[in-house]
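The structure appears below as structure tokens.
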Ligand SMILES: [Zn+2]
């Protein structure tokens, strides 16, 4: 194994030269200030590069990423990013972005032990447990992304409930919280309809987003079931949590 990463350093030189050629003065311009309009809170997954997905340049997107895009009320790292973004950079939007086929969500759904990260993924398990009754009605193949979407909606609510965001709204500063979901299979972002422009709208937006999610998955489930017949129907309808232990104790 090489101890040098010369190829990455070479690529960086090439990228910097190309960027400067395309936009002369690009880097010296960035030195003066960063004035992003958006804070992106996404998964650390290497397949979900924030700036690239929305075609934004350095300086245009403030980014925080962790395993499974979790926003924990006591996570000083994430809270500090939110505070820096709202108080100092005055971003106008905070977007929580989950993605399909998320490893953290798969581990949470199926109680897979991955190590220390289990303690972090526990927050996604909490989301699963809160919605287990509904999740259990879905065909197994729909559950990972359904939980991923639920997780985005719940984490967006957590953003709204931070003292930082509550204070931002209380002083009349414009800030909208959003929840999106990225499809690894098609490169597209979907708006999960949790759009919160102030504290008063939070509960309504949350309920609306959950209702919209349920309706979309009901349609999907119907189409899956409609395409099946006879003995094929049974496995698709098998309760989601059949493979795990009963959830009551959690
Ligand atoms: Zn992920």
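Numerical summary
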quantity	calculated
Near-label residues of segment 155-197 by backbone N, under 20 Å of a point 7 Å along Cα→Cβ of residue 223	181-193
Considering only the chain, percent of DSSP beta bridges that pair antiparallel, nearest 5	20 percent
Degrees separating the helix 118-130 axis from the principal Cα axis of the chain, which is the longest one	50 degrees
Proportion of all alpha-carbon pairs of the chain beyond 28 Å (%)	42 percent
Calculated P(r) tail over 23 Å for segment 4-134, as whole % of Cα pairs	48 percent
Residue 171 paired with residue 60, simple spin-label distance in nm, labels 7 Å along Cα-to-beta-carbon	2.8 nm
Degrees separating the helix 6-22 axis from the principal Cα axis of the chain, which is the longest one	70 degrees
Helix 202-226 axis, angle to the chain major axis (alpha carbon atoms, nearest 10°)	60 degrees
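No value in this document is a laboratory result; all are computed from the given coordinates. These numbers come from a predicted model, not from an experiment. In this analysis, Cβ positions are derived from the backbone assuming ideal geometry, glycine residues included, and neighbour counts consider all displayed protein chains.
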